[in-house]
1. Pop out the carbon and sulfur fraction of the accessible area of the protein assembly as shown as a percent, whole number, probe 1.4 Å.
2. Grab chain A and count how many Lys pairs have their alpha-carbon atoms under 23 Å apart, sequence gap of 8 or more, or different chains.
3. Need one number: buried accessible surface between chains B and A, 1.4 Å probe, both sides summed, DNA, RNA and ligands left out, in Å² to 100.
4. Straight-line reach from B:Lys267: which lysines fall under 30 Å, measuring Cα to Cα and dropping same-chain residues less than 8 apart?
5. Quick one: what does P(r) look like for the protein assembly as shown with 10 Å bins over all Cα pairs, in whole %?
6. Hey, what did the range A:3-263 get for relative contact order, percent, Cα under 8 Å, at least 6 apart?
7. For chain A, what is the accessible area per residue in Å², given a 1.4 Å probe and the full set of protein chains?
8. With viscosity set to 1.306 mPa s at 10 °C, what whole-number translational diffusion coefficient in µm²/s follows for chain A from Stokes-Einstein and a Kirkwood radius over Cα pairs?
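The values are calculated or read from the model by the stated rules, or taken from the named source; none is laboratory data. Computed from a prediction, not measured in an experiment: that's the story for all the values here. Heads up, the Cβs are rebuilt from the backbone with ideal geometry, glycines too, and the neighbour counts pull from every protein chain shown. The area values use the complete protein model at the heavy-atom level, side chains included, leaving out ligands, DNA and RNA. Shrake-Rupley method; radii C 1.70, N 1.55, O 1.52, S 1.80 Å.
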Amino acid sequence: MTSVTRLFIDSTRALKMWRVWTYLGVQDIKAKFHRSFFGPLWIVLTTGFFVTGVGLIYGLLFGQPVHEFLPYLACGFALWGFIVASITDASATFVRAEGYIKQFSYPKQIYLLRTLISSVIVLLIGIAVVIPVQLFFNEITPLGWLYALPGLALLIMAALGHIAVSAYLGARFRDFPHAMAVMLQMMFFITPIMFPIKLLHEKGLGFIYQFNPLYYLIDVVRHPIIQGELALPENYLYAGVYVLATWVAALLVAYKLDSRVVFLL
Amino acid sequence: MTRASLILKNVDITFEGALSSEEGLKSWLKRKLLTRNVDTATNYRIEALKGINLEINHGERVGLIGLNGAGKSTLLKVMADIYPPTAGSVSIKGHVCPMFEFATGFEMNQSGWDNIRIRGLLLGMSADAIEEKLPEIAAFTELGDFLDYPVRTYSSGMFIRLAFAVSTSINPEILLIDESYNANPASMTATLKQLGREKCDRRIAVLGEMRELGTQSARYHADLAEPVLEAHVDAAILVGREMAALAHRLHGEVDVRHVPDSAGALKALEEIASPGDVVLVKGSNAIGLSGLVREAAAGRLAHGKSACSM
């Protein structure tokens, strides 16, 4: 059996065991907020404080109307947090599951899906914060939320690619999560989250986001939610190409490391 | 139902890598940047298994016996599809239930109930089956109200009870058991049962104390009295302080000798063993009873057939 067919068989087996990874993922969320008074409400609070604080200051700084800027910021913040989690937190996927990997013979992919589940739960809670903000400013378009679904699907698929790459590399190179944290911190400042893209355009700095794949991932979800219409067709295309790229990378990394993971822990 | 089988062909397992100080990025960069051969002193290469051929068919029970470091656990992990073989092939037909480590793989902050569910799922039970068997498993753990507590509050004995209860509640097609970690009440009982089935003149059990059982330790030791009596043990040599409770319980029922250590056990065994006896030796690694087995195997014990299980 070649490694590729084995990977394929393992992955389909893992998908079929959705009960296992959804349960583990939900348990991770419970454990994360274990014994905390606010529980998962902390996700809401984090977004809320960030948006009010940063929103008011940057809104003034960039001369943005608050009723447009706050929902934009809240949405971008939740989506960015999800992307970061799919890269840095995900690096510990196999390391955290060491106790399981060394004694149960289940396909390791279930641990990737477990990480995906818990990150998606956090994302959904975070993005739900946008609703009250939009309601407050009377900016909500229910249809826009519907239009966000295809973009959301792309984003989640990209996250799965990220998680796979990070989980394998994170087990092999323990420097990986730290290096990624530094890189993502830089990316945070050049990705349009705290500022709208039209500011970049006005200054002739459009290239800053145009060559940033993470911008497209965010835009295909954020644009429909904020503007109530689908994002630009080419943005879906770019996001789709990026998803493919992450999956190819994931396949390569898994091909190289899958059979070695148990020895690396 | 498929007929379960396990076939290993020419299986090698080689552990290779860099020592911890040279792991990861450092060794990777070294290999990439230096064209000359990297100093191999910082790398290790251990051939744990070499050329293993094995066929186990439906309905067979196979025991693996060997000294510490012989590769028993490694072989089991290959059979469970946890270690991919470095060379050779492994073919497994049937659902495998591994019972390897009873001390790891817990979600520390979650309750005993949740951990039962997680282990059940990972051992291949369906969610419905787990809910159905939950009361039975819970009763078997004898943990009572402690199941509501997060498992980080458990003693190591309680971990073992929980894990063992889940593992034994399923009916797997292939069951792999590794006892290397430690002696525990369950494994002690199981081996004593096996001793009871041996045909022989006299049965002698050399039992080392079970370590790390927590506050209930004395009770767990005393509870072994029943399996000892059921196995028709004629003489028992009990090793270690923790065994006092069992020695007390067995007093007057069988010939009991309570000794402090492995050396004392060897002396006692030399005194009582005679041709035709079957001797069972079992205990935590920490007790060092493997030395006694080695002596016995080397024929230092003038007579007697020894059945050892570590």
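1. Values: 17210 of 28300 Å².
Of all accessible area on the protein assembly as shown, carbon and sulfur atoms account for 61 percent.
2. 6
3. Values: alone 16990 and 14020 Å², together 28300 Å².
Buried area between the two chains comes out at roughly 2700 Å².
4. Here the lysines satisfying the reach criterion relative to B:Lys267 are B:Lys72, B:Lys193, B:Lys199, B:Lys282, B:Lys305.
5. 3, 14, 21, 21, 17, 11, 7, 4, 2, 0
6. Working: 298 pairs, mean separation 69.9, N = 261.
In percent, rounded to a whole number, it is 27.
7. Working: 12610 Å² over 265 residues.
On a per-residue basis, chain A sits at 48 Å².
8. 82 µm²/s
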